[in-house]
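Before any comments, here is the structure.
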Amino acid sequence: MNIPELLETKRIKLGLDRIPKKFKGIKGLTSTERYPEPLEKGILRAKHALPCFKAGTVRFDMIDVPVTHFRAKDIGTSVERLVELGYTHDIDGQPHTRPEQIVELYPQDFIPSRKAEDYLLRASAFIDELLVRFYDMEPFYEAKTADDLVGHLCVGLAPHTSGGVLTRIIGWSNASAGYGHTLYHAAKRRNCDGDEDALILLLDCLLNFSRVLLPSNRGGRMDAPLTLSTRLNPEELDKEALNVDTSWWYHRRSLKQLKINHNPMKLPIRWTSSKGESGRSAQSEDTGLPTMPIQLILDL
């Protein structure tokens with residue numbers, strides 16, 4: 001195989017001036033069919049300095065942190081944009097007009113770390129150029145800043161699973177972690193005890209992921225979005241994830257009893273949880289907030 005001639009042919013097809021300097025292939029194919037992805041995808045991915053995972057996707061890993069409420073001022077998104085995304089009222093039922101108002105997070109919305117901004121912007125630019133140069137289509141993202149990625153869909157994926165969960169970016173966190181709803185993390189089969197999960201742009205997943213690229217060895221089908229859950233159903237989650245306090249206040253007598261190590265499930269005065277009194281999982285609306293917002297905790 002004449003590699004230089006092949007690369008020159010692909011360069012001309014893509015309409016590029018030159019092949020990227022740092023352009024690496026792999027030593028060998030480990031999939032069952034031994035079928036490689038189109039060389040053009042690798043060239044464009046290298047142009048944007050993006051690594052490729054085993055299934056052909058580009059992803060950014062972040063530590064999972066659970067959160068149920070946020071403020072516009074803490075995630076760098078304007079109130080007007082959040083209203084467009086559906087956050088029209090705060091937790092008190094008042095119209096969402098000020099960045100200081102506390103708003104309940106939708107279960108499938110996500111607040112990634114700002115450390116992922118540049119990476120995801122390059123990934124979006126790669127997807128746009130792939131659409132234009134390889135698929136002969138119009139660009140999709142056209143993102144110039146991180147704000148342009150707000151509202152776009154992604155796929156959340158835990159490394160030991162084979163099923164992704166659809167999510168939406170609504171802002172950015174200054175922490176070195178990604179903030180997501182407790183139900184969202186649970187849907188990925190995570191416990192938020194220091195684990196890291198991947199975030200993949202949805203269009204990257206749809207265009208570039210292929211089962212034929214997966215290794216045929218043991219574990220080769222793990223950490224790959226073989227399936228995608230588009231709608232999060234609390235009834236289908238691990239019941240452990242439903243033991244989340246949703247009360248709006250704590251009774252003084254309950255706190256005193258907890259101080260002497262009483263089992264909270266056996267207290268005479270109970271507070272509510274996501275599980276609900278009937279044992280069925282409740283929906284996420286109207287989750288209580290007896291704690292402080294994100295930024296106030298970070299400032300302590």
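Only the coordinates and a few stated rules stand behind these numbers; no lab work does. Only a predicted model underlies this, so the values are computations on that prediction, with no experimental measurement involved. Glycine also receives a Cβ, built like all others from the backbone with ideal geometry; neighbour counts cover every protein chain displayed.
Structural remarks
- Mean Cα-pair separation over length for the stretch 123-244, i.e. relative contact order, pairs under 8 Å, 6 or more apart, %: 30
- DSSP-defined beta bridges in the chain - what % are antiparallel, rounded to 5: 65
- Label point distance in nm, Glu33-Arg252, each placed 7 Å from Cα along Cα→Cβ: 7.0
- Kirkwood estimate for the stretch 37-116, i.e. one over the average of 1/r between Cα atoms, Å: 15.4
- Calculated from backbone phi, Karplus (6.51, -1.76, 1.60) coupling profile of the stretch 46-56 in Hz, x at Gly/Pro: 5, 4, 9, 6, 10, x, 10, 7, 4, 9, x
- Within the shell defined by Cβ-Cβ distances under 10 Å, the residues around Arg11 carry a net charge of 0, with Lys and Arg each +1 and Asp and Glu each -1.
- Nearest 10 degrees, 0 to 90: helix 117-133 Cα axis against the chain principal axis: 40
- Segments 80-88, 135-143 sorted - mean Cβ within 10 Å per residue, highest first: 80-88, 135-143
- When you restrict to C-alpha pairs under 8 Å that are six or more residues apart and normalise by the size of the chain, the relative contact order lands at 22 percent.
- Check: the chain dipole with +1 on Lys, Arg Cβ and -1 on Asp, Glu Cβ, in debye: 1040
- Stretchable slack from Glu138 to Lys21, in nm (0.36 nm times residue separation minus alpha-carbon distance): 39.4 nm
- For peptides 167-173, 66-72, 6-12, sequence by mean Cβ density within 10 Å, most packed first: 167-173, 66-72, 6-12
- Net charge of neighbours whose Cβ lies under 11 Å from the Cβ of Gly220, counting Lys and Arg as +1 and Asp and Glu as -1: +3
- Subtracting the Cα-Cα distance of Leu206 and Asp118 from 0.36 nm times their residue separation leaves 29.6 nm of extension gain.
- Gap separating the Cα centres of the stretch 1-48 and the stretch 127-182, nearest whole Å: 24
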